[in-house]
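K.L.:
Could you have a look at this structure, given as structure tokens, before my questions?
The values are calculated or read from the model by the stated rules, or taken from the named source; none is laboratory data. Note that the structure is a prediction, hence the values are computed from the model and not measured. Please note: Cβ atoms are built from the backbone with ideal geometry, for glycine as well, and neighbour counts cover all protein chains shown.
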Amino acid sequence: MSDDTSPISNTIIHGDCIDVMSAMPVGSVDFILTDPPYMAAYKSRDRQTVRNDDNADWLMPSCAQMHRVLKSDAFAVSFYGWPKADVFFTAWKRAGFRIGGHIIFRKRYASRSAFLQYRHECACLLLKGEPPLPATPLPDVMDWTYSGNKLHPTQKSIHILKPLIEAFSARGDLVLDPFAGSGSTCVAADRAGRRYLGIELDAVHHQTATDRLAANERRAA
């Protein structure tokens, strides 16, 4: 809940998440849900790209700041690309997180084909300290909902994010997304009765997310 050490909430900040989180108080957010670049040099069918998806320079310092700003005995959930699983897991563990579980979102379609058809997305449940068990644990395999990627080349649907927020945080908690993209986590947090704070580096996506949250507020009014 809100207190004197809480950062500003219900907004999306335009900036580098490492710099922004560095200025936030220790233990000031209740839950982190984020979808960082997969370090895959991704390019969508319409040639859109994702900032910093071609390097790992940001990964370790951002994970360290995520761990620092998260409250003790709390959860984080991060999507990641399985080809870089070793890099992500190393960064999370060096930052101080423990692995609490692994989540698979199964798709009804193949997003790509190579040696296999790619029919899933994955996320990791990260623990800081000893958080309590959720009252109603989620399954570790869930169905994927396709967003259409209309607002961002790797846009996640609020329908898969909202259950994660409800399982690992409480009403009124502050949910942080350091890689906010089009603002899906923030919209899902708001609709779940949580406060939110998003950080987005790309100016175009930051504006998209800001406009989207404004429209979400008008919808709720």
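K.L.:
Name the pairs: first residue in region 24-44 and touching a residue at least 24 places away in the same chain (Cβ under 8 Å), second residue surrounded by fewer than 18 Cβ atoms within 10 Å (Cβ to Cβ) and of a type in the set (A, V, I, L, M), Cβ to Cβ under 6 Å, at least 6 apart or on different chains?
P.N.:
Taking only residues 6 or more apart or on different chains, the pairs are Met39/Ala56.
K.L.:
When the residues of region 96-138 are narrowed to those that are under 15 Å from Ser78 (Cβ atoms) and among the charged types (D, E, K, R), which ends up surrounded by the fewest Cβ atoms within 10 Å (Cβ to Cβ)?
P.N.:
Checking each candidate, the answer is Arg98.
K.L.:
Something else now. So for region 37-52 (the condition being surrounded by 17 or more Cβ atoms within 10 Å (Cβ to Cβ), more than 21 Å from Thr210 (Cα to Cα) and touching an Asp or Glu at 6+ places or on another chain (Cβ under 8 Å)), does at least one residue qualify?
P.N.:
There is at least one residue in region 37-52 that is surrounded by 17 or more Cβ atoms within 10 Å (Cβ to Cβ), more than 21 Å from Thr210 (Cα to Cα) and touching an Asp or Glu at 6+ places or on another chain (Cβ under 8 Å).
Here's the yes/no breakdown for (1) modelled with pLDDT of 90 or more; (2) assigned to a helix (DSSP H, G or I); (3) among the hydrophobic types (A, V, I, L, M, F, W, C):
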| site | (1), (2), (3) |
| --- | --- |
| Leu127 | yes, no, yes |
| Leu133 | yes, no, yes |
| Met142 | yes, no, yes |
| Lys156 | yes, no, no |
| Pro163 | yes, yes, no |
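K.L.:
Inspect all residues belonging to region 69-83 and state whether any of them is more than 17 Å from the chain's Cα centre (by Cα) and either among the aromatic types (Phe, Trp, Tyr) or not in a strand (DSSP E or B) (or both).
P.N.:
yes
K.L.:
Condition first: closer than 23 Å to Ile18 by Cβ, surrounded by 24 or more Cβ atoms within 10 Å (Cβ to Cβ) and touching a residue at least 60 places away in the same chain (Cβ under 8 Å). Can you find one or more residues in region 209-218 that meet it?
P.N.:
Checked region 209-218: at least one residue is closer than 23 Å to Ile18 by Cβ, surrounded by 24 or more Cβ atoms within 10 Å (Cβ to Cβ) and touching a residue at least 60 places away in the same chain (Cβ under 8 Å).
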